[in-house]
Amino acid sequence: MKNIAILGSSGGNLYNLGGKDPEKLLSEIFTQCDSAGIHIKAVQFIGAEVSMDIAKKHTKAGLYILKEKKPARVYTGTLPEVNEEAKLIDSEIAQDIRNGKIDGLITMSIDPAGSNKEAILAAAEKRIPVVGTGGTSMAITASKGANVISTSGTTGTTNRTRAVSFVSSLSKFWGVKYQPVIGGPSETKGENPLKKINIRGIMMAALPAFIALALILALSKIPGLSGLGDIFDLLLQALPVVIAAIAAKQVSDLDEVSIVAGIIAGVLSIDGGIIGGMIGGIGAGLLVQFLFLKCVQWRFPMTTVNIVAGGFSGIIAGLLVFYLIGPLALVLGDYIKLVIEQAVTFSPILAGAVAGLLIWPAILGGIYHAAILPIVLLEMEKSGNSFLGAVDMVSLVIVAAGINLANIIAPRDKGEAAIATPGFMINLGFGTFVESAYPFMFSNKLVFGGALFSAGIGGTLVGIFNVRGTAYLPSFVAPFASDNIIGFIIAMIVAFTCSFLITIFANKVVKKKKQEIIENSDSVGVK
């Protein structure tokens, strides 16, 4: 039997996708590990009351460890206090790794330079496999020499999909037989369902549906495939249904029953757009939990409980949106899109330049997932592409790809090429994982400034050509999902070239300085 340790925190983006409920997040990993016969030897998880993107020194947090074979909260305090307490557990885990008691690590939004420093260093020394999520943390973990066998961001994931991915990778590495546990019992916790509403999380979970829409749009432009335009229109109508199903599932935690309620509410909310679908889904989710508990209290047969909870809640919430809320929701969505369109119409060059310059600070400050991505999805609801989506691809993804390629071709140190390669492949192959450029940007002000400059240039070109597009697609596909293929390609090439050349120059400056230091040291030694 293999032994592992789980290291992590509630994270930034992860907080909205399960991280704010550490026990539930960890229990899913325990379930999957049990299925694979993998023993969890230790846990060190820091759960904050808010996303780490906006956490302050006074933010309350808790430390979770393994106690009686279950994750348990053993310490509560401010975030700095919890981090200090976590370092004690970090040292214990590091010692167990060096003594051969731990064979692998599962990590989620860890701090490889702080509360998880010793464990990561020990893992690197012993070459045990490491899997995890969190773009920045995994990039730094790899840079410390750890044997990272699987990594990804968190956007679009769930507790279950992450857990299955972690255990699948470890099982494959060790040659262990593993059958994922997909189902699970329904939950009827008495927690206030209003606290579960997370608009940001709903929008991000629905991202794959919007990307499917963009892919169909790209394919419909290929000669002979113009008939896919009808499929595009059909998918466009389905977006509120997807949003509603996700919202109902998030709020109610009643698995298939809540999904059915959300779909029914979503179908009735189509005319209200994705905002109407979200309102309908949230309403269905709230009603599902209420009706479910009431029917159980009234001792209805379980089949009847599901029918009443899933069917009636979906119909009630859906009709409410259909007759009352839908028209207002549609106006609100159109108004938000109109504001973007008016800004672009007033000065597309200025709008593109400002968006390009601010998008890196926005993602670093946690604003991207909270505000920009939802706006991108609202824009895509109308036409399948977006002005801010094009800026996202050009100024974030392509700029990150340029930085990564420069560190593959002309790195400051030999080891950095191995770190940059996976990031570059994901940037171009999947249109995401911009966090892969963080280690190079944070360690060199010139590279950081070059990223901002390149992003500004790219955004300006998006404005000049008035491009509408999206990220989260392969780079060679993205232009065909835009409304200006040539303009999008030019903007991508220029932004990529700028970030690539600036990073090459910055790396040469660093290498030259290192060489001068070495030569001066040798000269002093001779004297």
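Of the solvent-accessible surface of region 41-136, computed with a 1.4 Å probe and all protein chains present, 48% belongs to carbon and sulfur. Using alpha-carbon pairs under 8 Å, 6+ residues apart, how would you state the relative contact order of region 82-130 in percent? After rounding, I find 47 percent.
For the pair K101 and L225, the difference between a 0.36 nm per residue extended length and the Cα-Cα distance amounts to 38.9 nm. For the chain, a crude dipole built from +1 on the beta carbon of Lys and Arg and -1 on the beta carbon of Asp and Glu, taken about the Cα centre, is about 1040 debye to the nearest 20.
Classify the chain as rounded, prolate or oblate from the Cα gyration tensor: take a ≥ b ≥ c as the square roots of its eigenvalues, call it rounded if a/c is under 1.5, otherwise prolate when a/b beats b/c and oblate if not. Here the chain falls in the oblate category. Anisotropy class assigned to region 10-54 is prolate, per the alpha carbon gyration tensor with a/c at or over the 1.5 cut-off and a/b larger than b/c.
Dipole size of region 447-527 about its Cα centre, with +1 on Lys/Arg Cβ and -1 on Asp/Glu Cβ: approximately 240 debye, rounded to the nearest 20.
In a simple Cβ point-charge model (Lys, Arg +1; Asp, Glu -1; nothing else charged), region 71-115 has a dipole of about 120 debye relative to its Cα centre. Taking 0.36 nm per residue of separation and subtracting the current Cα-Cα distance, fully stretching the chain between I486 and V509 would add 4.8 nm.
Across region 208-223, computed HN-Hα scalar couplings (Karplus, 6.51 cos²θ - 1.76 cosθ + 1.60, θ = phi - 60°) run x, 5, 5, 5, 4, 4, 5, 5, 5, 4, 5, 5, 5, 8, 7, x Hz from first to last residue, x flagging Gly and Pro. With the Cα gyration tensor of region 426-472 giving a ≥ b ≥ c as the square roots of its eigenvalues, does the rule (a/c under 1.5 for rounded; else a/b larger than b/c for prolate; else oblate) give rounded, prolate or oblate? Oblate. Comparing S10, F45, S27 along the charge dipole axis of region 1-132, the residue lying farthest to the positive side is S27, per the Cβ-charge model. Taken one residue at a time, the phi angles of region 395-402 give Karplus couplings (6.51, -1.76, 1.60, θ = phi - 60°) of 8, 9, 5, 6, 5, 4, 4, x Hz. Gly and Pro are set to x.
Give the calculated FRET efficiency between K56 and V477 to the nearest 0.05, with a Förster radius of 41 Å applied to their Cβ-Cβ distance. For K56 and V477, the calculated efficiency is 0.50.
Rolling a 1.4 angstrom probe over the protein heavy atoms with all chains in place gives the chain an accessible area of 44 Å² per residue.
Each helix, a run of at least 4 DSSP H residues, gives -39500 (n - 2.57); summed and divided by the residues of the chain, these come to -19500 deg cm²/dmol at 222 nm. When the chain is described by a simple charge dipole with +1 on each Lys and Arg Cβ and -1 on each Asp and Glu Cβ, the residue from F488, I517, G104 located farthest towards its positive end is I517.
The values are calculated or read from the model by the stated rules, or taken from the named source; none is laboratory data. Predicted model only: the values in this text are computed from it and were never measured. A quick note on method: Cβ atoms are made from the backbone with ideal geometry, for glycine too, and the neighbour counts reach across all protein chains shown. Heavy atoms of the whole protein, side chains included, go into the accessibility calculation; ligands, DNA and RNA do not. Shrake-Rupley method; radii C 1.70, N 1.55, O 1.52, S 1.80 Å.
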